[in-house]
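Take a look at the structure below.
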Amino acid sequence: MKTLSDLLAEGVSGRRVLVRADLNVPLDGDTITDDGRVRASVPTLSALAEAGARVIVVAHLGRPKGEPDPKFSLAPVAARLGELLGTEVALASDVVGDSAKSVVEGLADGGVALLENIRFDARETSKDAAQRGALADELVALTGEDGAFVSDGFGVVHRAQASVYDVATKLPHYAGGLVLAEVEVLRKLTDDLQRPYVVVLGGAKVSDKLGVIANLLGKVDRLLVGGGMAYTFLKAQGHEVGNSLLQADQLDQVRGFLAEAQERGVELVLPVDVLAATGFAADAEHEVVDATAIPADREGLDIGPRTRELFASKLADAATVFWNGPMGVFEFEAFAGGTRAVAEALVASDAFTVVGGGDSAAAVRALGLPEDGFSHISTGGGASLEYLEGKELPGVAVLETP
């Protein structure tokens with residue numbers, strides 16, 4: 001796999017370099033509420049700009065339906081990216097149209113431009129390879145005769161999309177610093193594993209993590225399950241979960257996981273107490289109850305104090321930890337304690353600790369915890385999980401081809 005360092009060594013001054021970044025940030029109106037992914041893209045973009053490249057950034061935001069939608073414009077991202085880079089980032093008003101061509105033509109050496117949301121063009125996510133290829137051809141045309149492609153959006157490498165996969169088949173391609181770092185970290189979780197290996201899974205749905213649980217049961221020493229998905233596990237054991245989040249159609253699958261964990265000698269740890277609330281609200285009345293005795297009219301919104309201590313103790317001797325998914329509704333202060341406790345246990349640990357992107361990474365920042373307290377905070381939750389499921393990531397596989 002050729003890397004950004006290889007490209008810089010070849011020389012990029014005056015060349016147009018197309019960079020697929022992951023700038024899919026949460027917005028409140030026009031305000032970015034977590035700029036972690038924008039900041040993560042800066043090192044690669046800075047390195048190219050400082051070497052004199054004419055940088056064309058491609059990214060998506062949200063899930064527009066294959067056509068322009070003002071609420072998914074990358075305008076706030078362009079402004080923030082410019083602040084972080086210390087230079088104006090020109091934003092094209094379209095993807096590969098007249099504005100994109102004009103903005104790219106206007107780039108000077110060391111300049112950076114951002115194309116409008118790539119998902120405003122339905123061909124980006126098309127299942128038809130010919131349609132994706134046609135969009136990729138137009139992106140390639142923007143780079144000119146001496147163009148190059150840098151893949152630096154790890155959060156999308158699990159998708160065979162035009163700007164992720166097809167472009168890489170048509171241009172000299174290189175792994176950006178972010179993608180390279182992510183792949184190296186994930187290989188440490190699979191090929192170069194230090195034990196005990198503990199995985200902490202949370203978040204809302206068991207169904208989102210079926211594949212990763214199935215694959216991890218053959219690799220981990222200990223699996224801690226919290227968040228909304230824990231209630232399906234508790235129900236599978238025959239316990240009352242009240243109004244808590246429950247995926248009844250996953251109960252048989254979860255019973256299978258419980259049996260397999262026991263058979264393999266994997267320690268599967270579930271909450272022993274929860275904060276049971278009268279409803280889903282920041283100010284909902286709540287009490288601590290045993291996880292096996294949740295009142296029928298209550299719903300669990302966080303792990304309780306005994307579970308926080310239990311989980312911390314199960315992390316204390318770990319050599320490697322992967323954490324994906326909050327332990328409760330961390331956006332509500334009253335129900336953020338469980339997520340904070342897990343995060344603080346990881347910060348205090350001497351283990352190689354990986355935060356698996358998505359809501360977990362957002363929680364670390366929202367709770368004000370030091371990002372350098374973790375060995376690695378991933379920018380790609382879905383991509384990380386698919387890698388740990390053992391799936392091939394198309395956007396990585398294509399970079400490994402000559």
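A few notes on this one:
- Filtered residues of the stretch 346-363 (kept if under 20 Å from K188 (Cβ atoms) and either touching a Cys at 6+ places or on another chain (Cβ under 9 Å) or modelled with pLDDT of 90 or more (or both)): L346, V347, S349, D350, A351, F352, T353, V354, V355
- Cβ-Cβ under 8 Å pairs, at least 6 apart or on other chains, the stretch 1-24 side more than 21 Å from V95 (Cβ to Cβ), far side among the basic types (K, R) and surrounded by 13 or more Cβ atoms within 10 Å (Cβ to Cβ): G14/R54; R15/R54
Residue by residue, here is whether (1) outside any helix (DSSP H, G or I); (2) closer than 20 Å to D22 by Cα; (3) hydrophobic (A, V, I, L, M, F, W, C) holds:
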residue	(1), (2), (3)
V77	no, yes, yes
L81	no, yes, yes
V95	yes, yes, yes
S99	no, no, no
L107	yes, no, yes
A141	no, no, yes
H158	yes, yes, no
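- Scanning the stretch 207-231 for residues that are under 15 Å from Q253 (Cα atoms), assigned to a loop (DSSP other than H, G, I, E, B) and more than 20 Å from the chain's Cα centre (by Cα) turns up just one, L217.
- Criterion: within 19 Å of A141 (Cα to Cα), surrounded by 15 or more Cβ atoms within 10 Å (Cβ to Cβ) and touching a strand residue (DSSP E or B) at 6+ places or on another chain (Cβ under 8 Å) - qualifying residue of V25, V55: V55
- Any hit, the stretch 16-32, residues being part of a helix (DSSP H, G or I), under 21 Å from I118 (Cβ atoms) and out of contact with any Ser or Thr (no Cβ under 7 Å at 6 or more places or on another chain): no
- Annotation: A366 fulfils all but one of (1) at pLDDT 90 or above; (2) among the aliphatic types (A, V, I, L, M); (3) surrounded by fewer than 18 Cβ atoms within 10 Å (Cβ to Cβ); the unmet one is (1).
- Exactly one residue out of V398, V364, V354 is in contact with a helix residue (DSSP H, G or I) (Cβ under 7 Å, 6 or more places away or on another chain), part of a strand (DSSP E or B) and either in contact (Cβ under 8 Å) with a residue 60 or more places away in the chain or aliphatic (A, V, I, L, M) (or both), and it is V354.
- Of all residues in the stretch 160-205 being assigned to a strand (DSSP E or B) and farther than 30 Å from G218 by Cβ, the one that is farthest from the chain's Cα centre (by Cα): H173
- The stretch 256-293, residues that are among the hydrophobic types (A, V, I, L, M, F, W, C), closer than 15 Å to L201 by Cβ and not in a loop (DSSP other than H, G, I, E, B): F257, L258, A261, L268, V269
- Residues considered: K65, K71. Of these, the only one that is basic (K, R), in a loop (DSSP other than H, G, I, E, B) and on the phi < 0 side of the Ramachandran plot is K65.
- Subset of the stretch 160-187 (residues that are modelled with pLDDT of 95 or more and either more than 22 Å from L7 (Cα to Cα) or among the basic types (K, R) (or both)): A160, Q161, K170
- Subset tally (residues that are of a type in the set (S, T, Y) and under 20 Å from S46 (Cα atoms)) for the stretch 85-105: 1
- Only one entry of G390, G382 meets the criterion of being of a type outside the set (D, E, K, R), surrounded by fewer than 20 Cβ atoms within 10 Å (Cβ to Cβ), assigned to a helix (DSSP H, G or I) and at pLDDT below 95, and that entry is G382.
- Residue pairs whose Cβ atoms lie under 6 Å apart, sitting 6 or more positions apart in sequence or on different chains, and linking a residue in the stretch 99-115 that is in contact (Cβ under 8 Å) with a residue 40 or more places away in the chain and closer than 22 Å to P68 by Cβ to a partner that is loosely packed, with under 15 Cβ neighbours inside 10 Å and of a type in the set (F, W, Y), do not occur here.
- Counted residues, the stretch 222-244 - those being over 17 Å from N324 (Cβ atoms) and either in contact with a Gly (Cβ under 9 Å, 6 or more places away or on another chain) or surrounded by 18 or more Cβ atoms within 10 Å (Cβ to Cβ) (or both): 8
- Residue list for the stretch 257-280, filter: small (G, A, S) and either surrounded by 15 or more Cβ atoms within 10 Å (Cβ to Cβ) or under 15 Å from G328 (Cβ atoms) (or both): A261, A276, A277, G279
- One residue stands out in the stretch 322-342 among those that are part of a helix (DSSP H, G or I) and in contact with a Gly (Cβ under 8 Å, 6 or more places away or on another chain): the one that is farthest from K219 (Cα to Cα), namely F335.
- Filter pass, L268 being under 20 Å from N215 (Cα atoms), without any contact (Cβ under 8 Å) to a residue 40 or more places away in the chain and touching a Leu at 6+ places or on another chain (Cβ under 8 Å): no
The values are calculated or read from the model by the stated rules, or taken from the named source; none is laboratory data. Worth saying up front: this structure is predicted, and the values here are computed from it rather than measured. A quick note on method: Cβ atoms are made from the backbone with ideal geometry, for glycine too, and the neighbour counts reach across all protein chains shown.
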